Each structure stands twice: as C-alpha cells, then as structure tokens.
Amino acid sequence: EAAVTQSPRNKVTVTGGNVTLSCRQTNSHNYMYWYRQDTGHGLRLIHYSYGAGNLQIGDVPDGYKATRTTQEDFFLLLELASPSQTSLYFCASSDELIQNTLYFGAGTRLSVL
Amino acid sequence: GQGVEQPDNLMSVEGTFARVNCTYSTSGFNGLSWYQQREGHAPVFLSYVVLDGLKDSGHFSTFLSRSNGYSYLLLTELQIKDSASYLCAVRMVGDNSKLIWGLGTSLVVNP
C-alpha cells in the first residue's frame with residue numbers, strides 16, 4: 001500500500017488557471033516536501049513543512065503556495081498557472097530523525113497550456 | 001559555488017558491474033544519499049552514507065570520501081532491470097531540511 005499518495009496523477013489547465021495538487025502520507029512523518037522535476041534541472045524544492053500549520057520556503061517558490069493542514073496532508077497551490085509551471089511534481093515525506101531518507105509519491109504531471 | 005555533479009550517461013553489460021560517480025562541493029556535509037528512478041516513476045531510496053569508506057549492501061554498495069567530495073554507487077551482477085537513472089543528493093550542515101540534488105546518471109544495462 002502506497003505510503004505517499006498524490007492526486008491527481010495528471011492535470012491539464014490553461015494559463016491563468018487555478019490548480020491544487022494534493023498529497024497524503026501515512027508514514028507518520030513530520031517532514032513533507034514538494035518538488036518539481038524538469039529535464040536539465042533535476043529535482044528542485046518548492047516548499048516544505050515540518051508539521052501541521054508549518055510552511056518553509058524552498059529554492060523555487062515563486063508562483064506557488066502551499067498549505068499543511070494536518071500531519072498527513074500537504075497541498076500545493078498554483079493560483080495563476082503559467083506555462084513555465086508545466087512539470088512533473090513530486091511530494092515526499094521523511095522522518096524527523098532520518099531526514100536523508102525521502103519517500104516519494106508517484107508524481108503529478110501538470111501541463112499548463 | 002555549491003553543487004552536485006554526476007555524469008549524464010553510463011552503459012554496462014548484464015552480469016557485470018557499473019559504478020555511478022558523484023562529486024560534490026557544499027558548505028559543510030551532513031550525509032549523502034542515493035536514489036534510483038526508473039523512467040516515469042518516482043525516486044526510490046537506495047543508500048545513505050555519512051562516514052568515509054565502503055558500505056556494502058549486497059547488490060548496491062556505496063563509497064564515500066569526504067576529503068575529496070566524492071562518492072560512488074556500485075551495482076554488481078547487473079540485471080536489465082537495473083537500467084534507470086541514479087540520483088545523488090547531499091545534505092549540508094545547518095540546513096537539515098534541504099538536499100542538493102545531482103541531475104542523475106542514466107544507466108543502460110545491455111544484454
């Protein structure tokens with residue numbers, strides 16, 4: 001049973017559209033992350049959180065908001081989507097004491113037309 | 001500047017071995033991880049090292065030299081299904097929630 005579940009798996013929207021990507025983890029982990037992966041750039045950290053109600057800015061936060069509503073649930077919000085946000089998005093979780101081991105969700109492929 | 005470097009591609013033959021290299025330059029060092037990512041799938045954790053030397057985990061072994069900013073992942077008795085991208089990620093001291101990721105090495109195992 002998948003411990004990190006992302007939804008939707010695929011999403012197509014138009015420029016200026018509003019998109020919410022969802023992530024739920026059942027690992028009882030404190031840390032959760034949102035990454036984007038693009039050819040030539042590798043994995044880039046957008047936002048992360050170390051607990052419900054906490055939000056930390058990653059390396060490429062512009063154009064993204066995030067919210068951690070519970071220990072299990074972490075959302076990524078694109079309020080005015082742009083074509084540059086077309087990417088493969090991964091959510092991940094890690095234990096506070098073993099932070100080098102990330103458990104990834106299956107990914108969401110987002111296309112902004 | 002800070003960064004993690006990996007060769008783009010690597011080819012090997014089924015039944016033999018492959019060594020995936022990773023060099024890094026970071027502000028301090030607090031561990032290095034290796035992940036496997038198959039095409040169209042998420043990265044999967046393989047190994048974590050923080051001390052110098054070779055860590056033997058059977059099919060996958062990991063070597064680290066902190067003084068040289070160098071690590072490698074060694075895959076032995078290669079199988080076709082080992083064809084994947086292998087990602088190296090380094091954690092710096094003082095920022096325990098961020099990793100610096102390499103772009104990955106695409107390994108192709110031929111029959």
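The values are calculated or read from the model by the stated rules, or taken from the named source; none is laboratory data. Since we're looking at a predicted model, the values are computed, not measured. Backbone-built Cβ (ideal geometry, glycine too); neighbour counts: all protein chains shown. Protein only, heavy atoms only, side chains kept; ligands, DNA and RNA dropped before computing areas. Shrake-Rupley method; radii C 1.70, N 1.55, O 1.52, S 1.80 Å.
In summary, A:His47 fulfils each of the numbered conditions (1) open to solvent by less than 50 Å² (accessible area, probe 1.4 Å); (2) part of a loop (DSSP other than H, G, I, E, B) with the single exception of condition (2). Checking A:Ala52, A:Ala92, A:Ala81 one by one, the residue that is within 14 Å of another protein chain (Cβ to nearest Cβ) and small (Gly, Ala, Ser) is A:Ala92 and no other. Taking the conditions (1) touching a Leu at 6+ places or on another chain (Cβ under 7 Å); (2) under 23 Å from B:Tyr48 (Cβ atoms) in turn, A:Gly63 satisfies each one other than (2).
I need the full set of residues from the range B:1-18 which are open to solvent by 80 Å² or more (accessible area, probe 1.4 Å), in a strand (DSSP E or B) and farther than 14 Å from B:Val108 by Cβ, in order please. Spell out how you get there, then give the answer.
In the first step, residues of the range B:1-18 are kept if they are open to solvent by 80 Å² or more (accessible area, probe 1.4 Å); the result is B:1-2, B:5, B:8-9, B:11, B:14, B:17.
With in a strand (DSSP E or B) added as a condition, the list becomes B:5, B:9, B:11.
Matches in the range B:1-18: B:Glu5 only.
Output yes when any residue across the range A:8-31 is in contact with a Cys (Cβ under 7 Å, 6 or more places away or on another chain) and either part of a strand (DSSP E or B) or crowded, with 22+ Cβ neighbours inside 10 Å (or both), and no when none is. Checked against the condition, which is being in contact with a Cys (Cβ under 7 Å, 6 or more places away or on another chain) and either part of a strand (DSSP E or B) or crowded, with 22+ Cβ neighbours inside 10 Å (or both), the range A:8-31 yields at least one hit.
Being within 29 Å of A:Leu88 (Cβ to Cβ), in contact with a helix residue (DSSP H, G or I) (Cβ under 8 Å, 6 or more places away or on another chain) and not in a loop (DSSP other than H, G, I, E, B) is true of B:Val109. In the range B:61-83, what residues are at positive phi and in contact with a strand residue (DSSP E or B) (Cβ under 9 Å, 6 or more places away or on another chain)? B:Gly69 - this is the single residue of the range B:61-83 that is at positive phi and in contact with a strand residue (DSSP E or B) (Cβ under 9 Å, 6 or more places away or on another chain). Give just the number: which of (1) out of contact with any His (no Cβ under 9 Å at 6 or more places or on another chain); (2) more than 25 Å from A:Thr39 (Cα to Cα) does B:Thr76 not satisfy? Among (1) out of contact with any His (no Cβ under 9 Å at 6 or more places or on another chain); (2) more than 25 Å from A:Thr39 (Cα to Cα), the lone unmet condition for B:Thr76 is (1). Please go through the range B:27-55 and give me each residue that is part of a strand (DSSP E or B), surrounded by 12 or more Cβ atoms within 10 Å (Cβ to Cβ) and not aliphatic (A, V, I, L, M), ordered by number. Passing the criteria: B:Ser33, B:Trp34, B:Tyr35, B:Gln36, B:Gln37, B:Phe45, B:Ser47, B:Tyr48, B:Lys55.
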